[in-house]
Amino acid sequence: MSGNSFGKIFKITTWGESHGSAIGVVIDGCPAGLQITEKEIQKELDRRKPGQSKLTTERKEADKVEILSGVFEGKTTGTPISLIVRNKNQRSKDYEKIKNLYRPGHADFTYEAKYGLRDYRGGGRASARETIGRVAACSIAKKLIPKVKITAKLIEPSLKEIEAIKKQNDSIGGIIECTIKNAPAGLGSPVFDKLDARLAQAMLSIPGVKGFEVGSGFKSAHMMGSVNNDEFISKKGKIVTVTNNAGGILGGISNGMDIVFRVAFKPTSSITKKQNTVDSKGKNKTIEVKGRHDPCIALRAVPIVEAMAALVLVDEYLIQKVLSCKS
Ligand SMILES: Cc1cc2nc3c(=O)[nH]c(=O)nc-3n(C[C@H](O)[C@H](O)[C@H](O)COP(=O)(O)O)c2cc1C
């Protein structure tokens, strides 16, 4: 009900706020006996952390992970795995002056409407730091499906465009495309838990995501059936399709082709340009959001898209294992 957990068998619960003392994840349902080290988890987290390029925020976040439970002598024990990253380099004073103002494009107004109060420092729970838990969990999830290769990349805008926008003190949106190779046919469930529906939920849960499409997606609305249909052929004893407009999913179930989807990110909300807003008393005000922000959040979101895809895939893989069990 509270919306902090994701997954049915491989279930994660993320916790923590951007400027709280720490942030983390509890993973329940990970099979026992899987080898995992803090170093492997750290490797995945390092791909996510800011400050690695001049086009991402200048915030320096070490994001050092610690395993608190569920791993003994380098192997998962089957009990809940708890991972923690302590928050450092937080500059809460950046938020002090604007604590009573609702930042345009942020969750300030809606969190207050829901809970009656909010942690105003760095966006609190709505901050992208929450995704640290997801990326950490994914480093474990990926080890359960070693043959499945998940690769996301920013397809637009170009780095040159981002650089130009940054110079104007503005921000820009972006599109990430993700391809999942070697997923077997048969993953996903009919009706409400279709594989594409679960991927859509996973992607739309990432902060700043406003759109999701699979295969030919929105373009398919303008295509003819004769063009959009993927014809089947038998190739070296394997049933494949000639084209892949379905993006590897038919009837909510993977068909063995590459699973291909795209995720649209909005432009970063925090910009230094003056904007109109209101304060918590409903008075009209203006705001200039200071602080260190990403000019294009999509640039930093590539490992987060991969992480959410891995979490869906591993869960569906485990569900399929249960369903295909013959006693
Ligand atoms: C990797 C990543 C980094 C982000 N960094 C920022 C940022 O520096 N400034 C900002 O305004 N929003 C940033 N966001 C987006 C906000 O967290 C998000 O827009 C906000 O919480 C409102 O949620 P919504 O856009 O999903 O409605 C980031 C998102 C991601 C995925």
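The values are calculated or read from the model by the stated rules, or taken from the named source; none is laboratory data. The structure presented is a predicted model; accordingly, all values stated were derived computationally and were not measured. All Cβ positions, glycine included, derive from the backbone under ideal geometry; neighbour counts span all protein chains shown.
Of all residues in the range 1-33, how many are farther than 20 Å from Ala202 by Cβ and part of a loop (DSSP other than H, G, I, E, B)?
The qualifying residues number 8.
For the range 215-227, give me each residue that is assigned to a helix (DSSP H, G or I) and either touching a residue at least 60 places away in the same chain (Cβ under 8 Å) or surrounded by 14 or more Cβ atoms within 10 Å (Cβ to Cβ) (or both).
Looking only at the range 215-227, we keep the residues that are assigned to a helix (DSSP H, G or I), and these are 217-222, 225-227.
If the condition is that a residue be assigned to a helix (DSSP H, G or I) and either touching a residue at least 60 places away in the same chain (Cβ under 8 Å) or surrounded by 14 or more Cβ atoms within 10 Å (Cβ to Cβ) (or both), then Gly217, Ser220 are the ones that fit.
Are there any strands (runs of 3 or more DSSP E) wholly within the range 259-306 with 2 or more residues that are out of contact with any Lys or Arg (no Cβ under 6 Å at 6 or more places or on another chain) and within 22 Å of Ala113 (Cα to Cα), and if so which?
Answer list for the range 259-306: 275-278, 284-287.
Please go through the range 107-143 and give me each residue that is more than 12 Å from the ligand (Cβ to nearest atom) and buried (at least 18 other Cβ atoms within 10 Å of the Cβ), ordered by number.
Selection gives Asp119, Tyr120, Arg121, Gly133, Ala136, Ala137, Cys138, Ser139, Ile140, Ala141, Lys142.
When residues of the range 1-44 are filtered for being in contact with a Gly (Cβ under 7 Å, 6 or more places away or on another chain), in contact (Cβ under 8 Å) with a residue 60 or more places away in the chain and surrounded by fewer than 14 Cβ atoms within 10 Å (Cβ to Cβ), how many remain?
Qualifying residue count, the range 1-44: 2.
Looking at the range 68-85, can you tell me whether even one residue there is within 16 Å of the ligand (Cβ to nearest atom) and either within 22 Å of the chain's Cα centre (by Cα) or more than 17 Å from Ile287 (Cα to Cα) (or both)? Talk me through it step by step, then tell me what you get.
Initial filter on the range 68-85 (within 16 Å of the ligand (Cβ to nearest atom)): 85.
Next, from what is left, pick out any that are either within 22 Å of the chain's Cα centre (by Cα) or more than 17 Å from Ile287 (Cα to Cα) (or both): 85.
Within the range 68-85, one or more residues are within 16 Å of the ligand (Cβ to nearest atom) and either within 22 Å of the chain's Cα centre (by Cα) or more than 17 Å from Ile287 (Cα to Cα) (or both).
Residue by residue through the range 259-317, note down the ones that are β-branched (Val, Ile, Thr) and free of Cβ contacts under 8 Å to residues at least 40 places away in the same chain.
Once the filter is applied, which keeps residues that are β-branched (Val, Ile, Thr) and free of Cβ contacts under 8 Å to residues at least 40 places away in the same chain, the range 259-317 yields only Thr286.
Given the criteria under 27 Å from the mean Cα position of the chain (by Cα) and either part of a loop (DSSP other than H, G, I, E, B) or within 16 Å of the ligand (Cβ to nearest atom) (or both), does Phe212 qualify?
The answer is yes for Phe212.
Name the single residue, out of those in the range 269-301 being at pLDDT below 95, within 14 Å of the ligand (Cβ to nearest atom) and polar (S, T, N, Q), that is farthest from Pro157 (Cα to Cα).
That would be Gln275.
Could you check the range 280-327 and list, in sequence order, the residues that are exposed (fewer than 14 other Cβ atoms within 10 Å of the Cβ), charged (D, E, K, R) and under 30 Å from Asn169 (Cβ atoms)?
Lys281, Lys283, Glu288, listed by residue number.
Say whether the condition of being assigned to a strand (DSSP E or B) and within 28 Å of Lys11 (Cα to Cα) is met by at least one residue in the range 230-248.
Within the range 230-248, none of the residues are assigned to a strand (DSSP E or B) and within 28 Å of Lys11 (Cα to Cα).
Are any of the residues in the range 232-246 buried (at least 17 other Cβ atoms within 10 Å of the Cβ), touching a helix residue (DSSP H, G or I) at 6+ places or on another chain (Cβ under 6 Å), at pLDDT 95 or above and polar (S, T, N, Q)?
yes
Before we move on, is Arg91 among the charged types (D, E, K, R), more than 18 Å from Glu44 (Cα to Cα) and surrounded by fewer than 18 Cβ atoms within 10 Å (Cβ to Cβ)?
Criteria met by Arg91.
Residues Leu313, Leu323: which one is of a type outside the set (Lys, Arg), at pLDDT below 95 and within 23 Å of Phe192 (Cβ to Cβ)? Steps first, answer last, please.
Working: Leu313 fails: at pLDDT below 95.
It is Leu323.
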